[in-house]
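A short write-up of the structure that comes next.
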Amino acid sequence: MLGIFLHSTHAPEKVIETMSRMGLSISVDAIHDAICALSAESCRALQYLGARLQNQNR
């Protein structure tokens, strides 16, 4: 959670890597992977909701 928070507040990568080495956060690469996975999941959920709304309007 801290890593994603740091990413969302535009913390420098050096800060994230330092916190990662201290064991307080995940690495920059892991944060990017998590953001991509969350984005893909959100995209699928929005597509599902859009398809449901189209089917209701028919």
Review point. In the list 31, 35, which residue meets the criterion of being aliphatic (A, V, I, L, M) and touching a His at 6+ places or on another chain (Cβ under 6 Å)?
Key: 31
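Against the definition (surrounded by fewer than 12 Cβ atoms within 10 Å (Cβ to Cβ) and modelled with pLDDT of 95 or more), how does residue 45 come out, yes or no?
Against the criterion (surrounded by fewer than 12 Cβ atoms within 10 Å (Cβ to Cβ) and modelled with pLDDT of 95 or more), residue 45 qualifies.
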**Study point:** Complete set of residues in the chain that are in contact with a helix residue (DSSP H, G or I) (Cβ under 8 Å, 6 or more places away or on another chain) and of a type in the set (Val, Ile, Thr)
**Key:** 4, 15, 16, 26, 28, 31, 35
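Yes/no matrix, rows are residues, columns are (1) in a helix (DSSP H, G or I); (2) of a type outside the set (A, V, I, L, M, F, W, C); (3) under 12 Å from the mean Cα position of the chain (by Cα):
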site: 5; (1), (2), (3): yes, no, yes
site: 19; (1), (2), (3): yes, no, no
site: 37; (1), (2), (3): yes, no, yes
site: 41; (1), (2), (3): yes, yes, yes
site: 48; (1), (2), (3): yes, yes, no
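The values are calculated or read from the model by the stated rules, or taken from the named source; none is laboratory data. Remember, predicted model here, so these are calculated numbers, not experimental data. Reconstructed Cβ throughout: ideal geometry from the backbone, glycine too, with neighbour counts over all protein chains shown.
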